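Working notes for the structure below.
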Amino acid sequence: MIQRKLSIILENKPGALVRVVGLFHQRGYNIESLHVDPVEDLKEYKFVEDKLNIKLKEGEVSHLIIATTVNDNLLRQILRQINKLIDVLIVEEVK
Amino acid sequence: MKLAGNDILIQSLIEEGVEYIFGYPGGAALHIYDSIFKQKKMEHILVRHEQGATHAADGYARATGKPGVVLVTSGPGATNAITGIATAFMDSIPMIVISGQVAKHLIGTDAFQETDMIGISRPIVKHSFTVDSAENIPEIVKQAFHIATSGRPGPVVIDVPKDTTAPDKLFEFKYPNDVDIRSYKPPIDPDPNQIERAVDAIIESNKPVIYAGGGAINSNASEELIRLNEILDFPVTNTLMGLGVYPATHKRFLGMLGMHGTYQANMSMHNADLIIAIGARFDDRITNTPKLFAPNAKIIHLDVDYSSVSKIIEANIAVFGQVKNSLLEMIELLEAKKELIDPKKILPWKEQISDWKSQHGLNHEMHLCETDDKPIMPQAVVQHLYNITNGKAFITSDVGQHQMFAAQYYHFDEPRKWINSGGLGTMGFGLPAAMGAKLAYPNDEVICITGEGSIQMCIQELSTCTQYNLPIKIININNEALGMVKQWQDMNYGGRHSASTYQSSLPNFVELAESYGHVGIKIEKNSELKSGLEKALSMKDRLVFVDVYVDPDEHVYPMLVAPNGSLKDMWLDKETKT
């Protein structure tokens, strides 16, 4: 198994981060590193606007990067579980 | 119109069409309770414990398909609701739980009756909201109902700090017409390519089985499932949560599958070359050992929840969308390709299944007995209830042997008539769930099939039934022990009944029911069973508690062999294994 990095765009709301982090523990996955920032520079996040057909405002969403070591099947399951969280806009593996 | 936060909250619920709100007052919820007092459109049902409120709302939701609504106070009110929220979460039941909270400036100070409800409930809710200002209440309520009822349904908690419902601050009230949550778009219509692949696999199959679960009920897809099978005429099995979605008296119905499923249902699944899973999630009570599950089957999986597909068993063809919509698309394509379906091809398979059924299917005759030299069999109680009610009653149950006997021997022909805690397995569910169903359908028979263990976990709700005149029938299948625990101890622990018996300390249930103002009937002999049940069910305007003493040594069979067994490995009785 190799380490995977997940890139997650989520609403910058109270409690949104803990839902993602809590899900890892709840489902028995391990977080090896975690980095989160509010999105200020919208230029780099045009893909979010294009994919969801929405308009973002500065600081309105956060970008979370989580590293975890899992196999392909579990990775797919984690991505689907995270995507189910109401506050999550986009989740994908960083290749 | 200008309103205070408490009135805004109640008006928002009325806008959502809420008829009943199940709850219990306390300090942090008092502003809200004052608003309830001042209106007449919604009735508040005062329970005797917050767990009862959540189960009653849950029973209402399962019976009607509409969300159940709960109101509790902060701290212990909120924590008492947790078991009921988890129950609804595991079975994907739409529910709104409004919890009072200490005022915003007190949050985090360990104030009186403060608890972090959002934190405590986070793993067992579909979503949750904290009200930050009264102005936002309509938007939050609108979103909460949308989230609870769409996609894969589930409970949503709204935590309401007391100051946001203060009666002295007024805000403009306008309830939103529409809701759009940009980060939440559950699938509705299936991908046509997947429908085509599914239909091709169906046409190619020789040993197909349809396996339908609670998701098909949630999607109100019973009619579509029946129509689909008018074309296919395939064998159908239902999960514990799915009972009723396909008529149990239909000749193609195999019975329930899984841990205590019928021999023919489990054998059909194990030997199938195609399994069409419809709103079912391959949980561990169904698959037994996943590696040994249905070794030759191709899997078509219809579900609204991406994370339920290929979680335990890899799906060959995944159809995402509302199950109802996916079935409609499949029906349309199958009708277009009708000439390609060869009904003769699966005749040997149907014959095989019919042989399995005659070999080891459930034997309805063996439990019935007219004479008093033998104890009452628990299965016979359910069979009599089925006959007396013509299979038309709403049946709620608790958890244990009585639940499995009810599932095996009451044949549900319609969805939403069988109301039980399948996923979480919550003892104490049956009585309050029956209250919710009875409020929703006051003219229908509502029966709680329970055991003397489970009923004592929410027995205080007998008082609620008195207050609101809820003439449900409680059938207490009394074996004077925690029957399912005892069965496992008999089978796996050398008959050492550790903490599973309490014979000398049981209450007199007849007198207990009478003390709440209800009718109590005790049945101890086979010769009294049918007439006693008939008498209880003839008292239409009274709650009747029927305490039936049954054979304490009876086990539930079939039972899957675990661990390391497959679906073909079953105990058929105390001595016989397949």
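Computed from the coordinates by the stated procedures, all read-outs in this text should not be read as laboratory data. Keep in mind that this is a model prediction, so the values were computed, not measured. Here the Cβ positions follow ideal geometry from the backbone for every residue, glycine too, while neighbour counts run over all protein chains shown.
Descriptive notes on the structure:
- The distance separating the Cα centre of region B:283-306 from that of region B:533-574 comes to 27 Å.
- Size of charge dipole - region B:204-316 - debye, nearest 20, with Cβ of Lys, Arg +1 and Asp, Glu -1, no other charges: 280
- For a label point 7 Å along the Cα-to-beta-carbon line of B:S505, residues of region B:410-452 with backbone N under 15 Å: none
- Shape class for region B:1-92: oblate, because the ratio a/c of the largest to smallest gyration tensor axis (alpha-carbon atoms, square roots of eigenvalues) is 1.5 or more and b/c is at least a/b.
- Here the simple spin-label model places points 7 Å from the Cα toward Cβ, and for A:L42 and B:T578 these points are separated by 6.1 nm.
- Label-reachable residues, region B:182-214, where backbone N falls under 20 Å from a point 7 Å from B:E314's Cα toward its Cβ: B:194, B:197-198, B:201-202
- Among the trypsin sites (Lys or Arg not before Pro) in region B:201-297, those located in a DSSP loop and surrounded by at most 10 other Cβ atoms within 10 Å of their own Cβ are B:K251.
- Peptide A:80-92 shows a mean partner chain C-beta count of 4 within 10 Å per residue C-beta.
- Order by protection proxy (mean Cβ within 10 Å, highest first), peptides B:477-487, B:437-447, A:12-22: B:477-487, B:437-447, A:12-22
- For the segment B:118-128, counting C-beta atoms of other chains within 10 Å of every residue's C-beta and taking the mean gives 3.
- Taking packing as the residue-averaged number of other Cβ atoms within 10 angstrom, the listed peptides B:387-397, A:83-93 run from highest to lowest as B:387-397, A:83-93.
- Residue-by-residue Karplus 3J(HN,Hα) for region B:217-228, coefficients 6.51, -1.76, 1.60, Hz, glycine and proline x: 6, 4, 8, 6, 9, 4, 4, 5, 5, 5, 5, 4
- Taking Lys and Arg as +1 and Asp and Glu as -1, the other residues whose beta-carbon sits under 10 Å from that of B:I376 total -3.
- Amide H within-cut-off set for B:I45, under 5 Å, with H built and near neighbours excluded: B:I21, B:F22, B:G23
- In a fully extended conformation the segment linking A:H25 and A:M1 would gain 6.7 nm over its present Cα-Cα distance, using 0.36 nm per residue.
- A:D72/B:Q39 FRET efficiency (R0 51 Å; Cβ-Cβ; nearest 0.05): 0.40
- One way to sum up the overall shape of the protein assembly as shown is the equivalent ellipsoid from its Cα gyration tensor, whose semi-axes run 40, 35, 22 Å, largest first.
- The peptide list A:71-81, B:131-141, put in order of mean Cβ contacts within 10 Å with the highest first, becomes B:131-141, A:71-81.
- Relative to the current alpha-carbon distance between B:M366 and B:Y468, full extension at 0.36 nm per residue lengthens the span by 32.7 nm.
- DSSP bridge analysis restricted to the protein assembly as shown gives an antiparallel fraction near 30%, rounded to the nearest 5.
- Loop-located chymotrypsin sites (Phe, Trp or Tyr not before Pro) in region B:102-152 whose Cβ has at most 16 other Cβ within 10 Å (DSSP): B:F112
- CD proxy at 222 nm, helix term only [per DSSP H run n ≥ 4: -39500 (n - 2.57); per residue of the protein assembly as shown; nearest 500]: -10500 deg cm²/dmol
- If R0 is taken as 35 Å, the Cβ-Cβ distance between B:I14 and B:R182 corresponds to a FRET efficiency of 0.80.
- Sequentially through region B:104-110, phi angles give Karplus couplings (6.51, -1.76, 1.60; θ = phi - 60°) of 3, 6, 9, 4, x, 9, 6 Hz, Gly and Pro residues having no value and appearing as x.
- Cross-link pairs beyond the 32 Å C-alpha cut-off, checked among B:K357/B:K438; B:K185/B:K344; B:K392/B:K525: B:K357/B:K438; B:K185/B:K344
- Using θ = phi - 60° in the Karplus curve 6.51 cos²θ - 1.76 cosθ + 1.60, the 3J(HN,Hα) couplings for region B:50-65 round to 4, 4, x, 4, 5, 5, 5, 4, 5, x, 4, 5, 5, 6, 9, x Hz; x is entered for Gly and Pro.
- Efficiency of FRET between B:N206 and B:D132 - r from beta-carbon atoms, R0 56 angstrom, step 0.05: 0.40
- Rounded if a/c under 1.5, otherwise prolate or oblate - region B:66-225, Cα gyration tensor axes: prolate
- Annotation: for a label point projected 7 angstrom from Cα along Cα→Cβ of B:K345, residues of region B:170-198 with backbone N closer than 19 Å are B:194-198.
- Charged neighbours of B:L482, selected by a Cβ distance under 13 Å, balance to -3 (K, R count +1; D, E count -1).
- All other residues whose Cβ lies under 11 angstrom from that of B:Y468 are scored, Lys and Arg at +1 and Asp and Glu at -1, for a net of -1.
- Maximal additional length on extending the B:K169-B:S358 stretch stands at 60.9 nm, based on 0.36 nm per residue less the C-alpha distance.
- DSSP-loop trypsin sites (Lys or Arg not before Pro) across region B:1-78, with at most 12 other Cβ within 10 angstrom: B:K38, B:K40, B:K41
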